[in-house]
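The values are calculated or read from the model by the stated rules, or taken from the named source; none is laboratory data. From a predicted model like this one, the values you see are computed outputs, not experimental measurements. Positions of Cβ are generated from backbone atoms using ideal geometry, with glycine treated the same way; all protein chains shown enter the neighbour counts. SASA here: full protein model, heavy atoms, side chains in, ligands and nucleic acids out. Shrake-Rupley method; radii C 1.70, N 1.55, O 1.52, S 1.80 Å.
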Amino acid sequence: FMNQKQKQDLVGKHILVTAGPTVEALDPMRYLTNHSSGKMGYAIAEVAARRGAKVTLISGPTQLACPIGVKRIAIQSAKEMYEAVLEAFETSDIVIKAAAVADYRPATLNTHKIKKTGDDLTLTLVRNPDILKALGQNKGGRILVGFAAETQNIEEYAKQKIKNKNLDFIVANSLITEGAGFGGDTNIATIIDRLGEVEHLEKMSKTALAQHILDKVVTFLK
Ligand code: CTP
Ligand code: CA
């Protein structure tokens, strides 16, 4: 239930959060996707609403209920996410991109089921738009926060993504550390900001990490 002592430091701010996987259809029966429960993005949306923000949550398919006080827009593909995000971006002050966006989609969407033929099948994939990079190019005065899921060289790759996408900070987590990443209720994250500050966080609940991320956003608002 509502924490009575919850600070109201996001009143008057519109926060756009993306969460969950994208789903890229191959034919009416098959798709390509990423592992993502959506829990991290939903925790951020929920906590941001409790702290007084107006929250738009653009979400791929998940098993999660829409948090109280949050406006959810359901999408399937990266292209659909891109369009929904660009529209909500106009009025947003803060964007937090926790979604696991598919980098590629099948080059052709078959209207009918693909029948099996030979012993092997080659799929041709094409690049999806980089949503966060497009936002970074039109950032204005907004705060932009990315996520990075890596299996190696976490800090180095995160720093490259901050630069490439014009982010204020990135939340990086290792997918090979126990207690981190998708599916679970906890996360072990490293927050790296555009000024080069690196903060290694201990294992904590996704709700606690959401509070931490929003605290960091507030410092960038000032
Ligand atoms: N992202 C996005 N649009 C994409 C791909 C990624 O907006 N088409 C966002 C993710 O939501 C995340 C951040 O960019 O906040 C980093 O995603 P990640 O997959 O770690 O990085 P990529 O830039 O896709 O690079 P790579 O997968 O090659 O490591
Ligand atoms: Ca990617």
The stretch 168-210: strands (runs of 3 or more DSSP E) wholly inside it with 2 or more residues that are without any contact (Cβ under 8 Å) to a residue 24 or more places away in the chain are 198-200
For the stretch 5-33, which residues satisfy the criterion of being open to solvent by 60 Å² or more (accessible area, probe 1.4 Å) and either closer than 29 Å to residue 105 by Cβ or at pLDDT 95 or above (or both)? 8, 11, 12, 13, 28, 29, 30, 31, 33
The correct count of residues that are in contact with an Asp or Glu (Cβ under 7 Å, 6 or more places away or on another chain), in a loop (DSSP other than H, G, I, E, B) and more than 13 Å from ligand 1 (Cβ to nearest atom) in the stretch 113-150 is 3
Right, residue 139: of a type outside the set (Phe, Trp, Tyr), surrounded by fewer than 18 Cβ atoms within 10 Å (Cβ to Cβ) and within 17 Å of residue 92 (Cα to Cα) or not? yes
Taking the stretch 142-179 as the region of interest, how many residues are open to solvent by 20 Å² or more (accessible area, probe 1.4 Å) and hydrophobic (A, V, I, L, M, F, W, C)? 5
Say we look at the stretch 153-167 and pick out the residues that are outside any helix (DSSP H, G or I) and touching a residue at least 24 places away in the same chain (Cβ under 8 Å); which of these is nearest to ligand 2 (Cβ to nearest atom)? 167
Could you tell me whether any residue of the stretch 181-194 is among the polar types (S, T, N, Q), at pLDDT 95 or above and buried (at least 17 other Cβ atoms within 10 Å of the Cβ)? no
Please go through the stretch 87-103 and pick out each residue that is in contact (Cβ under 8 Å) with a residue 40 or more places away in the chain and more than 9 Å from ligand 1 (Cβ to nearest atom). 88, 89, 91, 92, 93, 94, 95
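Counting only residues that are in a helix (DSSP H, G or I) and free of Cβ contacts under 8 Å to residues at least 60 places away in the same chain, which one in the stretch 12-53 is farthest from residue 127 (Cα to Cα)?
Filtering first and then ranking leaves 50.
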If only one of 38, 60, 69 is surrounded by 16 or more Cβ atoms within 10 Å (Cβ to Cβ) and at positive phi, which one is it? 38
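Where residues in the stretch 97-112 are within 16 Å of ligand 2 (Cβ to nearest atom) and part of a loop (DSSP other than H, G, I, E, B), which of them is nearest to residue 48 (Cα to Cα)?
Across the stretch 97-112, the extreme among qualifying residues is 98.
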